[in-house]
Amino acid sequence: MKEKKWVYSRVLSGVLGHTTEFFHREGFTQLMPVILSPVTDPLGPDPGSSVIKTGEVEYLGQRLSLTQSMILHKQMALLEGLEKLFIISPNVRLEHPARRETGRHLFEFSQVDFELARAKSEDVFGLMEKYLAEMVKFVSGTYSEELSFFGRTLPVISAPFRIFTTHELKERFGPDWEGKASLKATQPFWVTDHSREFYDREDPAHPGHYLNYDLIYPEGFGEALSGGEREFEWTSIQRRMSRDRLEMPAYAPYVSLAEKGLIPSAGGGFGVERLVRYLTGAVHVGDVQLFRRVPGETVVV
């Protein structure tokens, strides 16, 4: 068991190094993560979310939230003049214990968060297809012994990936489309038009539809990345925050900047542990962690 943990850790270390090198090569500025803040991603309303509470601490009389994702901070960072940015960010999402059974949920994990100013969905698609194709090639070559240890052979990634809408997949596979569609696929694919958080841009030409996307791993490994084009106009942000019954004072640092106008952008975030799970073929995403953080399991260390 110890040896297996070490092998996972070697692959994970290589993934982190290659990821950092890739984004630097693509012209991104790397930022340090924010761990505590007065404001964090609400993760809702999203039918795919099962977070039961937001982690909080009190410090010198101020309530601070543990980062659930850095989306709001990414939008604010672009106002400082950055064009392309990324962060390898710890995320704490206190998931319902039932999520233990999915094989892909953790309550503490690391996410590669990235954002591009004035970008569209197609820009993110091209970037991530290049990234994943390079990553699979890199791991297949550099960590061939480790993959052999796990009995894993990775397919060659072929871009561009296929693109589906949520409506297509729900019609074909039913409400639990993600797992079924992933299990049937042999290549990663994109799924667009999810009804979720206020910061994902509503399509101005088609109200009720959204310019966002998920990247789905094949072979039943499920969601890899979640992202979208961002709302940047204050009237739209205000309307959707009100719709979602989010209290404006709780998002004061973000609201004060959004009122002045945000920069149009697109981006996403993908879990490092989920990526390593896919690359190594691990049964559960918790298996790739040296210090396991699985919903419903007692934390040992």
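For a straight C-alpha distance cut-off of 18 angstrom, the aspartates and glutamates reachable from Lys170 (same-chain residues fewer than eight places away being disregarded) are Asp46, Glu178, Asp193, Asp214, Glu223. Accessible surface for the chain, divided over its residues, is 47 Å² per residue with a 1.4 Å probe. His18 to Ala250: extension gain in nm, 0.36 nm per residue of separation minus the Cα-Cα distance? Full-extension gain reported as 79.8 nm.
Scoring 276-283, 244-251, 200-207 by mean Cβ neighbours within 10 Å over their residues and listing the highest first yields 276-283, 200-207, 244-251. On full extension, the segment bounded by Glu297 and Glu122 gains 59.1 nm, given 0.36 nm per residue less the C-alpha separation.
Label positions at Ser148 and Glu171, each projected 7 Å from the Cα along the C-beta direction, are separated by 4.8 nm. In a simple Cβ point-charge model (Lys, Arg +1; Asp, Glu -1; nothing else charged), the chain has a dipole of about 560 debye relative to its Cα centre. Relative contact order of the range 27-167, taken over Cα pairs closer than 8 Å and 6 or more residues apart, is 21 percent. With a cut-off of 12 Å on the backbone N, the residues of the range 54-80 near the modelled label site 7 Å out from Ile35 along Cα-Cβ are 66-67. Counting only Cα atoms, the size of the chain along its three principal axes is 54, 47, 40 Å, in decreasing order.
Normalising the average separation of contacting C-alpha pairs (under 8 angstrom, six or more residues apart) by the number of residues puts the relative contact order of the range 181-240 at 37 percent.
Could you tell me how far the Cα centroid of the range 183-213 sits from the Cα centroid of the range 266-301, in Å? So the separation of the two Cα centres works out to 24 Å.
Packing, as the average of other Cβ atoms within 10 Å across residues, places the peptides 13-20, 99-106 in the order 99-106, 13-20, highest first.
In the range 111-150, which residues have a backbone nitrogen under 15 Å from the label point lying 7 Å from Ala159's Cα in the Cα-to-Cβ direction? Residues passing the 15 Å test: 120-138.
Counting only residues at least eight positions apart within a chain, or on another chain, the aspartates and glutamates with an alpha carbon under 19 Å from that of Lys84 are Glu21, Glu26, Asp113, Glu115, Glu122, Asp123, Glu129, Asp200, Glu229, Glu231. Going down the table (Lys74/Lys180; Lys53/Lys130; Lys53/Lys184; Lys137/Lys180; Lys130/Lys260), which pairs top 30 Å between alpha carbons? In this structure, Lys74/Lys180; Lys53/Lys130; Lys53/Lys184; Lys130/Lys260 lie more than 30 Å apart at Cα.
Using equal-weight Cα scatterers in the Debye expression, the normalised intensity of the range 154-236 in log10 at q = 0.10, 0.14, 0.20, 0.23 Å⁻¹ is -0.27, -0.50, -0.89, -1.08. Per residue, the chain reaches -10500 deg cm²/dmol at 222 nm when only DSSP H runs of four or more residues are counted, each adding -39500 (n - 2.57). Ligands, DNA and RNA left out, the accessible area of the range 82-207 computed with a 1.4 Å probe is 52% carbon and sulfur.
The values are calculated or read from the model by the stated rules, or taken from the named source; none is laboratory data. Not measured: the values here are computed from a predicted model. Quick reminder, even Gly has a Cβ in these numbers, built from the backbone with ideal geometry, and neighbours come from all protein chains shown. Keep in mind that these areas ignore ligands, DNA and RNA; they rest on the heavy atoms of the full protein, side chains included. Shrake-Rupley method; radii C 1.70, N 1.55, O 1.52, S 1.80 Å.
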